[in-house]
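Peer 1: Pasting a structure below so you can have a look.
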Amino acid sequence: MGKILSLGIVGCGDIAAAMALLGRLTPGVELAAACDISRPRAEAFAHKHKIAAIYTDYAAMLAAGGFDAIYLAVPHNLHFEMIKAAADAGVHILTEKPITRTLAEGQAIVAYAAQKGVKIGVNYQYRYDSGCHRLARAVQAGALGEVLYARINVPWHRERGYFESSPWHQTIAQAGGGTLITQASHLIDIVLWAVGSPPVSASGYTARKVFTDVEVEDLALGTIEMQNGSLLQITSSMVAASEQTVSIEIYGRRGTAIYTNRPWPRVKFIGVSPKTEQPPHWGLHALQRSLKGFRDWVLADQPYLIPGEAALPALAAVEAIYQAAETGRRVEICPDQSITEAY
């Protein structure tokens, strides 16, 4: 393999457009193919991003080859089979989160890809966000002391068009859930990564406050207990009257760290002044840093911050909160070896 990562893009929606634009600005990345079930959408996408090969059939794209890796920006229920097919073709994968719709699928596909010798990266790009990265590394270094608890708040706003433009977001079968799996899982991933302890139990509530005619929740509240005894409280919404600042608060015995994403990603430390660490790549956005990390992982075997197994704990936590909300009972999480090894 040479010094250029040749990438095929599957799914030509909004997030793929952002990734394609950043890919064109990233040295060592070449956009080789575009695939979408809508040929007009695939053609328009390819024309805009100067991509030569256009497909409407994923299997045909894999059979034709001509790329080192694929980037998946498709409904969550398609992840498992598409990753499996790419692994069978010897193609590496960068997929949008979650790795799969369910934890069982995620555990199975991580093991399968390892057997095939291909790499799965999961685009939990907040690990490459400058503020989140500084927060996580400081916590991992023990700067706050023993972590007692953490809080996540995702007060987002979505219009009806969010569901109308991408109807798959409306259904459990395709999306797996709503605001918790789609939005909050980014921040859940950061806290679990920072604290470095797997989730062991969950309680939670979900509701449809505004979008009452869809299957998925637009509001979720949950609590996660980690193996080391730390507690994580989560509030995630897509029905705030206006979109507000996303925040992570981590409280330790020696100090506190507070992350906010507006007006730019930043972290404030209270009671401590730790030495902080910048993300391993420069980039215009965390998405570009994530892409650079994946590029270097595939081409040079340099560590990527979110290999497939590292995305499983957040999925386990999300799935347990959904189960707790449905049953009205606290749910125990029994992570298998693949989740434990993520730490």
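Just so you know, all these numbers are worked out from the coordinates, no wet-lab data involved. Predicted model only: the values in this text are computed from it and were never measured. With ideal geometry, Cβ positions are generated from the backbone for all residues, glycine too; neighbour counts draw on all protein chains shown.
Peer 1: Quick check for you: which residues of segment 39-71 have the amide N under 16 Å from the point 7 Å beyond the Cα of residue 284 toward its beta carbon?
Peer 2: 48-50
Peer 1: Would you mind checking the pairs 50/119; 84/292; 50/116; 3/50; 3/84; 268/292 and listing those with alpha carbons more than 29 angstrom apart? Don't skip to the end; give the middle numbers.
Peer 2: Working: 50/119 26 Å; 84/292 23 Å; 50/116 31 Å; 3/50 20 Å; 3/84 26 Å; 268/292 27 Å.
Those over the limit are 50/116.
Peer 1: If I take all pairs of Cα atoms in the chain, what percentage of them are more than 39 Å from each other?
Peer 2: Details: 6034 of 58653 pairs.
For the chain, the share of Cα pairs beyond 39 Å comes to 10 percent.
Peer 1: Also, I was wondering about something else. For segment 176-262, count all C-alpha to C-alpha pairs, find those more than 16 Å apart, and express that count as a whole percent of the total.
Peer 2: On the way: 2145 of 3741 pairs.
Of all Cα-Cα distances in segment 176-262, 57 percent exceed 16 Å.
Peer 1: Mind checking the angle between helix 103-116 and the chain's longest principal axis? C-alpha axes, 0 to 90 degrees, to the nearest 10.
Peer 2: Between helix and principal axis, roughly 50 degrees.
Peer 1: Can you tell me the 0 to 90 degree angle between the C-alpha axis of helix 312-327 and the longest principal axis of the chain, rounded to 10?
Peer 2: The helix 312-327 is inclined about 60 degrees to the chain.
Peer 1: Write down the percent of antiparallel bridges among all DSSP beta bridges whose residues are both part of the chain, to the nearest 5. If you can, show how the numbers build up before the last one.
Peer 2: Details: 35 of 62 bridges.
Roughly 55 percent of the DSSP beta bridges within the chain come out antiparallel.
Peer 1: Quick one: if the Förster radius is 25 Å, what FRET efficiency do residue 300 and residue 52 give, using the C-beta to C-beta distance and rounding to 0.05?
Peer 2: On the way: r = 26 Å, r/R0 = 1.03.
After rounding, the FRET efficiency stands at 0.45.
Peer 1: Using only Cα atoms, find the angle between the long axis of helix 14-24 and the longest principal axis of the chain, and express it within 0 to 90 degrees, rounded to the nearest 10.
Peer 2: The helix 14-24 is inclined about 70 degrees to the chain.
Peer 1: Apply 1/(1 + (r/R0)^6) to the Cβ-Cβ distance of residue 141 and residue 242, taking R0 = 25 Å, and write down the FRET efficiency to the nearest 0.05. Don't skip to the answer; put the middle values down first.
Peer 2: Working: r = 36 Å, r/R0 = 1.45.
Computed FRET efficiency for residue 141 and residue 242 comes out at 0.10.
Peer 1: Label points 7 Å out from Cα along the Cβ direction at residue 60 and residue 235: separation in nm?
Peer 2: 5.0
Peer 1: Here is a follow-up. Obtain the nm distance between the two label points defined at residue 327 and residue 37 by a simple spin-label model: each point lies 7 Å from its Cα along the Cα-to-C-beta direction.
Peer 2: Distance between the two pseudo-spin positions: 3.3 nm.
Peer 1: At what distance in nm do the modelled label points of residue 213 and residue 166 sit from each other, each positioned 7 Å from its Cα along Cα→Cβ?
Peer 2: Those two pseudo-labels are separated by 2.1 nm.
Peer 1: Return the Rg/Rh ratio of segment 5-125 with Cα-based radii and a Kirkwood Rh.
Peer 2: Numbers: Rg = 13.3 Å, Rh = 14.2 Å.
My calculation of the ratio gives 0.94.
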